[in-house]
Amino acid sequence: MTTANQISPGMTINLDGKIFRVESSVKVTVAKGTPFVKTKLRNLITDDAIEKNFKLDQVIQEVALAERILEFLYPEGKDYLFLDVGTLEQTRVSSQILGDKVHFLKEGIQVKALFYGETIFEIELPQFLEIMVVKTESAEGDASSGSGATKKAVLETGAKLQVPLFIESGDVIKVDTQTNEYVQRV
């Protein structure tokens, strides 16, 4: 049993049947009142942030999320099909949960998924992926100086990002999926 005074950032809690991740928590003491815990919570399904206050002795239902490794297979309608590496069962993940991460999905990529029961709440891509460039556009910036000049590239997954001028169609590049930036040519 967890009480509100034990809430800490990073915890996952069940509040009125909804799953939230604690982003911040502060114990507030007032001169002529009851102390309380002020929290900022993020709904793991809708990604909405709320602020909620709890009495110090209020019982909180902490939730343990299970982490599983999934391998991307292919898109299917508005969903994406993954193979659970541990159980070898196919799992559908909605585009709402994936968000912008769909731009880095290609067959065979393994991702970490956070589950509560059979519901997926979050997909985490590897930080770096090697992806082929399928198209590049003309240079932006001062192409004559060479320093800092970039051009837009379209990757085999559909992602678009800025790359140095020497990158051409057919090159394989390393991409930082957290910052959506070019790292190096492979």
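Every number here is computed from the coordinates shown, using simple stated rules; none is lab data. Every value quoted in this text rests on a predicted model; they were computed, and no experiment measured them. Neighbour counts run over all protein chains shown; Cβ positions are idealised from the backbone, glycine included.
Overview of values
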quantity	calculated
The range 79-186, Rg to Rh (Cα coordinates; Rh as Kirkwood inverse mean 1/r)	1.07
Estimated distance in nm for a label pair at Val183 and Glu62, the labels positioned 7 Å out from Cα along Cα-to-Cβ	3.3 nm
Antiparallel content of DSSP bridges confined to the chain, in %, to 5	100 percent
Positive-end extreme of charge dipole, the range 2-62 - chosen from Gly10, Leu56, Pro35 (charges on Cβ)	Pro35
Hydrodynamic radius by Kirkwood, which averages 1/r over all alpha carbon pairs of the range 2-62, in angstrom	11.6 Å
Lys32/Ser8 FRET efficiency (R0 25 Å; Cβ-Cβ; nearest 0.05)	0.35
For the range 1-139, projected area of the alpha-carbon convex hull averaged over all directions, nm²	12.4 nm²
Length-normalised contact order of the chain in % [C-alpha pairs under 8 Å, at least 6 apart]	13 percent
Helix-only CD estimate at 222 nm, as mean residue ellipticity for the chain, using -39500 (n - 2.57) per DSSP H run (n ≥ 4)	-500 deg cm²/dmol
